[in-house]
1. Please specify each residue of segment 8-24 satisfying the condition of being surrounded by fewer than 16 Cβ atoms within 10 Å (Cβ to Cβ) and either out of contact with any Phe, Trp or Tyr (no Cβ under 9 Å at 6 or more places or on another chain) or at pLDDT below 95 (or both).
2. Can you work out which of the residues in segment 73-92 that are at pLDDT below 85 and of a type in the set (A, V, I, L, M, F, W, C) is nearest to Ala29 (Cα to Cα)?
3. In segment 1-58, which residues are hydrophobic (A, V, I, L, M, F, W, C), closer than 16 Å to Thr82 by Cα and assigned to a loop (DSSP other than H, G, I, E, B)?
4. Taking the residues in segment 72-87 that are aliphatic (A, V, I, L, M), in contact with a Pro (Cβ under 9 Å, 6 or more places away or on another chain) and not in a loop (DSSP other than H, G, I, E, B) as candidates, determine which candidate is surrounded by the fewest Cβ atoms within 10 Å (Cβ to Cβ).
5. Only one of (1) at pLDDT 95 or above; (2) out of contact with any Ser or Thr (no Cβ under 9 Å at 6 or more places or on another chain) fails for Leu95. Which number is that?
6. So which residues in segment 61-71 are buried (at least 16 other Cβ atoms within 10 Å of the Cβ), in contact with a helix residue (DSSP H, G or I) (Cβ under 9 Å, 6 or more places away or on another chain) and either of a type in the set (Asp, Glu) or under 20 Å from Glu121 (Cβ atoms) (or both), if there are any at all?
7. Which one of Leu27, Leu32 is surrounded by 13 or more Cβ atoms within 10 Å (Cβ to Cβ) and in contact (Cβ under 8 Å) with a residue 60 or more places away in the chain?
8. Kindly indicate the residue of segment 109-128 that is in a strand (DSSP E or B) and in contact (Cβ under 8 Å) with a residue 40 or more places away in the chain and also surrounded by the most Cβ atoms within 10 Å (Cβ to Cβ) among those meeting that condition.
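The values are calculated or read from the model by the stated rules, or taken from the named source; none is laboratory data. In this text the structure is predicted, and so the values were computed from the model without any measurement. We place every Cβ from the backbone using ideal geometry, glycine too, and count neighbours over all the protein chains shown.
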Amino acid sequence: MTLRWHRRDAPLPAAAVVASGAVMAELRADTLIRVAAGAQLRVCASQEQGWLIVLGDRAELPWADGAVYLGWDGGVLVPTLTEPWPCADLLREPLRRLVGQQVGLVALLPGLVLAGPLPREPVDPARLDPDV
């Protein structure tokens, strides 16, 4: 089965933002600024794979040029402007088996599956500061 992506009729509400590569540093920096200002953001990251997902209220989410905003669709984070076919509801369980049942967070992007623990607590800024 081939996974295809289509533009959504209406965007999903943003629940997270993801960045990788050079964009990750900009997203990290804006996340630190927003957390210092009181935003209750949660973070899932993989330094080895080079990606960062920031979850939170839509109005508090950080911004970085080139980052992708994600919304919940069938228990999976997907880009807010596009939808996968087959639908995320059908993909959730196969994706969880692929990445491991203990994983709480699965993000599906064109050509990429990101997975990690679903963060429950707001991020400690020291965890994000690359100088610490």
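1. Within segment 8-24, Arg8, Asp9, Ala10, Gly21, Ala22 qualify.
2. My answer is Ala88.
3. Matches in segment 1-58: Leu3, Ala10, Leu12, Ala14, Ala15.
4. So the first thing to find is which residues in segment 72-87 are aliphatic (A, V, I, L, M), and the list is 76-78, 81.
Filter once more, so that each one left must be in contact with a Pro (Cβ under 9 Å, 6 or more places away or on another chain): 76, 78, 81.
Filter once more, so that each one left must be not in a loop (DSSP other than H, G, I, E, B): 76, 78.
Numbers: Val76: 22, Val78: 25.
Result: Val76.
5. That leaves (1) as the condition not met.
6. If the condition is that a residue be buried (at least 16 other Cβ atoms within 10 Å of the Cβ), in contact with a helix residue (DSSP H, G or I) (Cβ under 9 Å, 6 or more places away or on another chain) and either of a type in the set (Asp, Glu) or under 20 Å from Glu121 (Cβ atoms) (or both), then Leu61, Pro62 are the ones that fit.
7. Numbers: Leu27 fails: in contact (Cβ under 8 Å) with a residue 60 or more places away in the chain.
The unique qualifying residue is Leu32.
8. Leu114
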